[in-house]
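The values are calculated or read from the model by the stated rules, or taken from the named source; none is laboratory data. These figures come from a predicted structure and were not determined experimentally. With ideal geometry, Cβ positions are generated from the backbone for all residues, glycine too; neighbour counts draw on all protein chains shown. In case anyone asks, the SASA skips ligands and DNA or RNA and just uses the protein heavy atoms, side chains included. Shrake-Rupley method; radii C 1.70, N 1.55, O 1.52, S 1.80 Å.
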Amino acid sequence: MAVAGAIIGAAVGGWMNDRFGRRMAILIADFLFFIGAVVMASAPNPALLIVGRVFVGLGVGMASMTSPLYISEASPAKIRGALVSTNGFLITGGQFLSYLINLAFTNAPGTWRWMLGIAGLPALLQFILMLLLPESPRWLFRKGREEEAKVILRKIYPADDVEKEIQDLKESVEAEIREEGSAKINMMKLLKTKTVRRGLIAGVGLQVFQQFVGINTVMYYSPTIVQLAGFASNKTALLLSLVTAGLNALGSIVSIYFIDRTGRKKLLLISLFGVAISLGLLAGVFHETTSHSPMVSRIQTSHFSNYSCPDYSSATNPGAWDCMKCLKASSPDCGFCAAPTDKLLPGACLLSNDTVKDLCHDESRLWYTRGCPSKYGWLALVGLALYIIFFSPGMGTAPWIVNSEIYPLRFRGVCGGIAATANWISNLIVAQSFLSLTEAIG
């Protein structure tokens, strides 16, 4: 529901950016997010929790396309890429921080209310701080408020450069107005304007591919992926997902350093090459894990005689059953209780429920319901880490930077909104299909 709200927020945000300005759009996003957090924290039933989640999504969607745009337009050209990358670092750093905050609240009374409610504090703080910041000078120039824009530009640029920057901005805005007139922006006009159309293809394409290379699958489901690689413990999986979030933040710092030195395109190509290699390694590890999983032992299973998996008990060829076949049993679901001495030796195929899980653990055995024991599991963690290290500096931040730079000023808000909407729609498709795909194709 949050992602669905973000799709609407990003779409409306583009229009709002051009109509009311970048600063006002961020203030509205903060307000929506704060309201959403308060509603979620105080929700007496699931329906109101969902309403709060939609409000949060609206705020996130609006901010996701407005923040890089505002930073880009209020920054000196030579450090623009680094500052927009800093926005990416603060998002990934915030994700890491949120894992730690949630960890701290796991034993507090009213656990999830604190987790959801405390998210309103950063939104409130940013709302107050945004009241002290100026509007984007480029947007002001476009709206004919030149004196206000000049005052802001004199604060941003050194005295030697400011007059040239004012003159350049004035000329570019006047040229755009002459070229495009003052007719209302509509979709047909966007697509008929060659420069805008080509920019949209590049900008929307980057945002779609950013999601389709699977980053949010990794961020949302990293504990699940770790378990699929053969790590049975929920606690271990959550701890390792914290490492994933930390690496994502670290990669954003690398982007801040390289984005203006290397250039956007080269960084994207290096990033995509590394992502492809990392995903290939992950696929190879999962193939090995599934094709060489421990066998199911009749002796081990009969040790838990009252809880053996019905499908295994009635199988015509139980000797061919391994851990993966046990986990795929679905009527009812079954789990694999590893051998007590060595998790790679034949184990027991049992009913999957909390009682059986506790019985398995009581004998100091590992209990598997997602992935199987494997000696290659650590390689999956390497693949996951490499994936994040390559993704974050390039595909993680560059699509947002490119979208804040490539459109003519008049179309920047609307086109940025279209690209951000494409990002969130792709995000939703990936998030909703990943677990179904892992069940369908293994």
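Legend: calculated FRET efficiency, His292 to Ser436, from the Cβ-Cβ distance at R0 = 30 Å, rounded to 0.05, equals 0.70.
Taking 4.7 Å between beta carbons as the limit, the unpaired Cys residues of the chain are Cys415.
Ranking Leu191, Leu103, Leu351 from most to least accessible surface, computed with a 1.4 Å probe over the protein chains only, gives Leu103, Leu191, Leu351.
The distance separating the Cα centre of the stretch 372-422 from that of the stretch 255-283 comes to 10 Å. Among the listed pairs Lys143/Lys170; Lys194/Lys266; Lys343/Lys375; Lys170/Lys265, a Cα-Cα separation exceeding 20 Å is found for Lys194/Lys266; Lys170/Lys265. Checking the cross-link filter: which aspartates and glutamates have an alpha carbon closer than 13 Å to that of Lys357, excluding same-chain neighbours under 8 positions apart? Straight-line reach from Lys357, under 13 Å: Asp333. Straightening the chain between Leu121 and Met24 buys 33.0 nm, computed as 0.36 nm per residue apart minus the Cα-Cα spacing. Once you've got the GNM for the chain with C-alpha springs shorter than 10 Å, pick whichever of Ser255, Ser297, Ser330 has the biggest mean-square fluctuation. Judging by the Gaussian network model, the answer is Ser330.
Note on the chain: helix-only mean residue ellipticity at 222 nm, from DSSP H runs of 4+ residues weighted -39500 (n - 2.57) and normalised by residue number, equals -24000 deg cm²/dmol. The stretch 1-33 and the stretch 297-331 have Cα centres separated by 53 Å. Springs between Cα atoms under 10 Å define the GNM used for the chain, and in it the highest mean-square fluctuation of Lys170, Lys192, Lys375 occurs at Lys192. Using a probe of 1.4 Å, the accessible surface attributed to Lys357 totals some 60 Å² when neighbouring protein chains are kept in position. The spread of Cα positions in the stretch 294-373, taken along each principal axis and listed from longest to shortest, comes to 31, 23, 22 Å.
Just checking the listed ones, Ile28, Ile429, Ile401: in the Gaussian network model of the chain with Cα springs under 10 Å, the one fluctuating most is Ile429. A cut-off of 5 Å between modelled amide H atoms, ignoring neighbours fewer than 5 places along the same chain, links Cys334 with Ala329, Ser352.
The list (i) 1.07; (ii) 1.16; (iii) 0.96 gives values of Rg/Rh (Cα atoms, Kirkwood Rh), and only one came from this structure; which label was calculated from it? So the calculated entry is the one marked (i).
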